[in-house]
Amino acid sequence: PARYFDTKTTEPISFFLSGLEELLAWQPNSNDEFNVSAVPLAKRQPPLHSRRPRTLVCHDMRGGYLEDRFIQGSATRNPYVFYHWRYIDIFVYFSHHTVTIPPVVWTNAAHRNSVPVLGTFITEWTDGEKLCEAFLAGGEEAYGAVAEQLARIAQHFRFDGWLVNIENKLSAAAVGNLPLFLRDLTARVHSAVPGGLVIWYDSVLKDGTLRWQNELNDDNRMFFDACDGLFTNYNWKEEQLQRTQRLAGPRLNDIYVGVDVFARGDVIGGGFDTDKSLRLIRQFGLSAAIFAPGWVYEHLGKENFLQNENRFWGLLAEYLPTHSICTLPLTTSFCLGMGSSTFLDGKDEESGPWYELSAQDIQPLYPEKQGILSASCYLQDAWCGGSSLQLQGTIPPGEERVAVRLFSLQMPAPPKLFLTLLYKLEGPQPDDFTVALEVTTWDSGFCFEGNPTSLPEPNGRYHPRFLPAPPPSLAKLLAACHRGSHGWTSRCYELELQDCSLRDLSLIVSRQQPSLQETSFTCLLGEVRVLDTASVAASPPQVHSVAASQLWWQ
């Protein structure tokens with residue numbers, strides 16, 4: 001059927017639903033199983049509902065369902081990817097179809113990086129008025145059926161909830177039932193989807209007129225009270241943020257102040273000035289909703305996209321609280337879910353463009369220190385997948401080393417950690433440098449390395465012990481320590497900690513010889529792994545009753 005499979009290639013595709021009939025008629029069926037997310041939402045610290053400002057990204061690009069609709073990937077050159085997941089809290093996939101089910105590739109990539117994904121339920125224009133009249137003015141049974149279907153769809157496809165966007169005027173009967181519908185939908189989503197969310201877009205008012213408020217006020221408050229958050233329109237001024245802050249009270253962080261990166265209308269700042277809007281929003285302790293950050297790709301072009309993307313998010317980083325990884329194993333090859341070649345064990349196995357966001361790896365922080373350090377995605381060489389992480393920087397005169405923070409962590413350290421690193425030093429004198437991993441821990445008087453006779457590190461910095469070969473119990477699993485090839489260097493390390501809590505994983509680049517000159521380096525990271533030795537040594541559970549379906553031989 002054309003809804004589920006591309007008519008030209010027969011490949012499975014992601015899809016949306018149009019109109020009330022399609023929504024009410026929707027039932028799970030075997031053709032849509034390709035669209036079910038296979039990646040559970042990874043845990044994070046602090047949890048999403050912590051009392052701190054959040055960042056929502058609303059992805060709206062040329063109507064949606066572009067090359068990202070191909071569930072098993074496509075040969076797209078220079079596609080759009082998003083990878084600054086550590087800096088954002090919620091991802092919304094937006095389109096103008098009635099029911100936007102997020103393409104599963106986005107849900108997989110976001111979940112792997114601890115970010116929940118929302119679809120969009122939208123009604124607009126005169127068709128939207130009729131649709132709302134049909135389900136809202138119809139009373140509890142009618143709006144309950146819509147709420148039930150939306151909750152079932154999120155549960156079935158394993159995404160995390162809905163942005164609700166009613167952009168048309170409503171009759172008195174319809175608007176009277178709207179808060180009841182939102183309450184019903186929110187309750188059903190919470191019970192069907194662990195950690196599920198329903199967010200309301202600032203549009204219709206309590207009297208049924210369509211008038212964007214750019215703030216929380218008494219005309220739209222009853223909708224905010226009925227769900228998990230309000231996403232405001234984009235044309236706000238400082239005094240509106242002030243009023244919003246006062247009215248929101250303890251639910252300050254549930255207000256997502258809209259920022260249109262395309263800077264349409266009368267706005268504070270978009271494009272590379274988006275930081276001006278964010279600075280103001282954060283002054284009032286409010287959350288932010290960054291709309292259409294694909295501006296970087298659409299407006300500035302595909303060619304230097306990765307460079308421009310790092311610049312865009314680098315300018316915002318100081319206003320974006322990051323979240324930490326809190327479970328092991330942590331293993332990543334830094335792949336973006338795209339490439340101009342496919343690499344395996346450092347070898348270019350197949351050249352040619354590919355795009356498959358489900359293959360995106362856990363993404364690191366992308367630290368930028370003007371002139372001293374930059375982290376970027378490098379497509380010309382990789383250990384596994386389509387890209388490696390390129391670190392470029394300088395070691396200042398008289399200093400021995402520079403530390404690059406890759407991941408923030410927040411979890412109790414297991415008694416013994418096993419770490420692996422694959423890297424490649426580039427540049428004129430690669431032999432002038434050494435590369436190693438550093439683990440930092442949260443301050444505590446009880447945290448020791450190895451045995452209790454060793455003194456605690458005053459600043460909680462530990463340098464895992466280099467292992468020439470993996471311990472016998474891990475040798476079979478980790479043939480890794482001897483597997484550097486194609487110019488990649490492989491290293492294994494071990495770290496024993498007692499009563500510690502992990503904080504950061506950094507890469508240390510040091511000079512071999514002290515020098516009064518500043519020295520520049522370029523290092524490619526191909527893979528990093530942090531493993532709990534005990535759980536790795538245990539044998540994995542046996543897999544039973546594997547079934548395969550939907551096979552198509554070509």
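May I ask you to list the residues in segment 16-34 that are within 21 Å of residue 147 (Cβ to Cβ) and not acidic (Asp, Glu)? Walk me through it before giving the result.
Here is the first cut: in segment 16-34, the ones within 21 Å of residue 147 (Cβ to Cβ) are 16-28, 32.
Scanning segment 16-34 gives 16, 17, 18, 19, 20, 23, 24, 25, 26, 27, 28.
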Determine, yes or no, whether residue 531 is more than 24 Å from residue 333 (Cβ to Cβ) and aliphatic (A, V, I, L, M).
-> no
Conditions (1) outside the structural domain of residue 150 (by the TED database); (2) exposed (fewer than 13 other Cβ atoms within 10 Å of the Cβ): number failed by residue 11 | (2)
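Looking at segment 62-97, which of its residues are polar (S, T, N, Q) and open to solvent by 20 Å² or more (accessible area, probe 1.4 Å)? Outline the logic, then answer.
Of segment 62-97, the ones polar (S, T, N, Q) are 72, 74, 76, 78, 95.
72, 74, 76, 78, listed by residue number.
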Every residue from segment 269-291 that is aliphatic (A, V, I, L, M) and surrounded by 22 or more Cβ atoms within 10 Å (Cβ to Cβ) | 278, 281, 286, 288, 289, 290
Within segment 100-139, can you find the residues that are of a type in the set (Asp, Glu) and either surrounded by 24 or more Cβ atoms within 10 Å (Cβ to Cβ) or not in a helix (DSSP H, G or I) (or both)?
-> 124
List pairs: first in segment 347-372 and farther than 23 Å from residue 423 by Cβ, second among the basic types (Lys, Arg), Cβ under 7 Å, 6+ apart or cross-chain?
-> 353/77
Which residues, taken from segment 191-246, are β-branched (Val, Ile, Thr) and over 30 Å from residue 157 (Cβ atoms)?
-> 209, 244
Quick one: would you say residue 365 is assigned by the TED database to the domain that holds residue 280, open to solvent by less than 30 Å² (accessible area, probe 1.4 Å), within 17 Å of the chain's Cα centre (by Cα) and farther than 27 Å from residue 65 by Cα?
-> no
Checked segment 536-554 for anything open to solvent by less than 100 Å² (accessible area, probe 1.4 Å) and hydrophobic (A, V, I, L, M, F, W, C); matches are 536, 537, 538, 547, 548
Is one or more of the residues making up segment 426-443 over 25 Å from the mean Cα position of the chain (by Cα), open to solvent by 20 Å² or more (accessible area, probe 1.4 Å), of a type in the set (Gly, Ala, Ser) and farther than 21 Å from residue 375 by Cα?
-> no
Does segment 299-315 contain any residue that is in contact (Cβ under 8 Å) with a residue 60 or more places away in the chain, open to solvent by less than 30 Å² (accessible area, probe 1.4 Å) and touching a Ser or Thr at 6+ places or on another chain (Cβ under 6 Å)?
-> yes
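Mind listing whichever residues of segment 336-347 are modelled with pLDDT of 95 or more and in contact with a His (Cβ under 9 Å, 6 or more places away or on another chain)?
Of segment 336-347, the ones modelled with pLDDT of 95 or more are 336-343.
Within segment 336-347, just 343 meets the criteria.
Quick one: which of 386, 352 is at positive phi and either out of contact with any Lys or Arg (no Cβ under 7 Å at 6 or more places or on another chain) or at pLDDT 95 or above (or both)? Steps first, answer last, please.
Details: 386 fails: at positive phi.
Going through 386, 352 in turn, the sole match is 352.
The values are calculated or read from the model by the stated rules, or taken from the named source; none is laboratory data. A quick note: this is a predicted structure, and the numbers were derived from the prediction, not measured. Positions of Cβ are generated from backbone atoms using ideal geometry, with glycine treated the same way; all protein chains shown enter the neighbour counts. Remember, those area values only see protein heavy atoms, side chains included, never the ligands or the DNA or RNA. Shrake-Rupley method; radii C 1.70, N 1.55, O 1.52, S 1.80 Å.
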